[in-house]
Amino acid sequence: MSLSNLNEEEKNVLIQLSYFDLPGDLTGLSVKEIWEEAMLVPNNGGEARRIRLEEYFTSDSYQNSRLAEVTLQGYQNNNPMMGGESESGFVGYAWGDKTGNKAAVYRGSEDPTNWNHLKTDWGSNVSAGIGNEIKQQKEANHFYEEFVKSAAGERLIVGHSKGGNLASYVFVNNLTENPKGYVVNGAPLFWPSLTQEQQEALKSNRFDFIVYEGDFVHDLGYAPYVDKTVAINKDDYDDPFYPHYETSVDFVNGSFAKSQDGSIHLSNNINTEVIKFTIVYGVNEVREAYKAAAAMTNGALMVIHAAWKGIQERAALVIDSCITFVEGLRDVSVNAISHLRNFFDSVLNFTRISLNRRVGAAGGASFPVEPYLHVNLQRLTYYAERLQAIKRKTNSLNGRIDDLYFEAGFFGLDNVLKADLLTTFNGTINQNITYLNTVKGLLLATESILANKARGVQ
């Protein structure tokens, strides 16, 4: 009964493994053997997963786990250049145990900090988010039918992020087989498009929807069926997507180290707004509704990314451009535009709350005592002047990028913001210039005080 009784950590291990590309047909190998083969592929799976899985497979946790007797039953990788049946980006793993239980595990977004992956993954996520059936969902269902549906025992469907959307889709479309579902930080299905039976199934004890505290991906849809919220293992992080990663939590004896039932996230300030906007506020034609939903969802991601990097004025430009784009759609009411502004206020508020979790690492004023300290004040001045010259150049570049926001059109904004984020060090330059000048001033003042005291002693 190994697959039917996996604990939280064991399911997390299967999710982590789903992000590794396999070098060939490895059907029949154990979970650990699959990991060992995947590790031979350079730059595979991501450093955080490689470290976490190394710790797991070399510990007693694996030797005594239910995964020890689980083997690979099927694998499909439709990423570009991977030789799959398509280039949709779908990746699925099928696992089985000795008693006839089987599981399908679906990969999510490859790397949400990579702008190209984020753009590609969320292009189809937006379509799925307003109820359209996407290619990856069809492929995920076909994968389930090929490798899992015929199981003699229980059936388990697992996914993270976009893989969570796929797992949810497969789960609600195969209820007659009575499968179990397990999703972590999933992109939710379009709730109004589900039948009452499907909605009730997602709320039942056969489907677990787990979210990590601080994750905003699941908040870009509507999921009134969150079963558990898990505390992440860092309060201070530089990546706004950190709470979204499946590796951002810890386990104790196979269970989450710290969690509580239900959702403790913000009230649905974000997660109901796309649905409300496209259905209630006057954007009723299907194609126009899709455009509005795409603008809101992708705009929200860009605003979060820009605000997190400390470029508030860029976030404001994205918001203004998004609103201008939606205003140009057919049959959009004044009330809808007002509501859209409130939506982005919610996004910014969400980001501010998330940013407050970060603990300043630069606090304190304790320095090691050195027997002799020599500082070349002229070099400090030189460095400050060099940075001023760089600042002038980046100011000019940022001004040209600002102009592009209004020329690219909304669906070109992702590339503009990508370029914009590459120049975010301009704010750091200001901090460094201030730091150098302040240090110089303090050293001069301290030197003067010490010289006066020395003369007094003489």
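Scanning the range 1-42 for residues that are under 23 Å from the mean Cα position of the chain (by Cα) and charged (D, E, K, R) returns 8, 9, 10, 11, 21.
How about the range 131-178: which of its residues are of a type in the set (Ser, Thr, Tyr) and not in a helix (DSSP H, G or I)?
Our first condition is that a residue be of a type in the set (Ser, Thr, Tyr); within the range 131-178, this holds for 144, 150, 161, 168-169, 176.
Within the range 131-178, 150, 161 meet the criteria.
Residue by residue, here is whether (1) more than 16 Å from residue 249 (Cα to Cα); (2) charged (D, E, K, R); (3) under 18 Å from the mean Cα position of the chain (by Cα); (4) assigned by TED's automatic domain parsing to the domain that holds residue 9 holds:
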{"position": "169", "(1), (2), (3), (4)": "yes, no, no, yes"}
{"position": "174", "(1), (2), (3), (4)": "yes, no, no, yes"}
{"position": "181", "(1), (2), (3), (4)": "yes, no, no, yes"}
{"position": "186", "(1), (2), (3), (4)": "no, no, yes, yes"}
{"position": "206", "(1), (2), (3), (4)": "yes, yes, no, yes"}
{"position": "225", "(1), (2), (3), (4)": "yes, no, no, yes"}
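Among helices (runs of 4 or more DSSP H) entirely within the range 1-110, having at least 1 residues that are of a type in the set (Val, Ile, Thr) singles out 8-17, 31-39, 47-57.
State all residues of the range 214-228 that are modelled with pLDDT of 90 or more, under 19 Å from residue 346 (Cβ atoms) and not hydrophobic (A, V, I, L, M, F, W, C); if no residue qualifies, say none.
none
The values are calculated or read from the model by the stated rules, or taken from the named source; none is laboratory data. Only a predicted model underlies this, so the values are computations on that prediction, with no experimental measurement involved. Because the Cβ atoms are built from the backbone with ideal geometry, glycine has one as well, and the counts that use them run over all protein chains shown.
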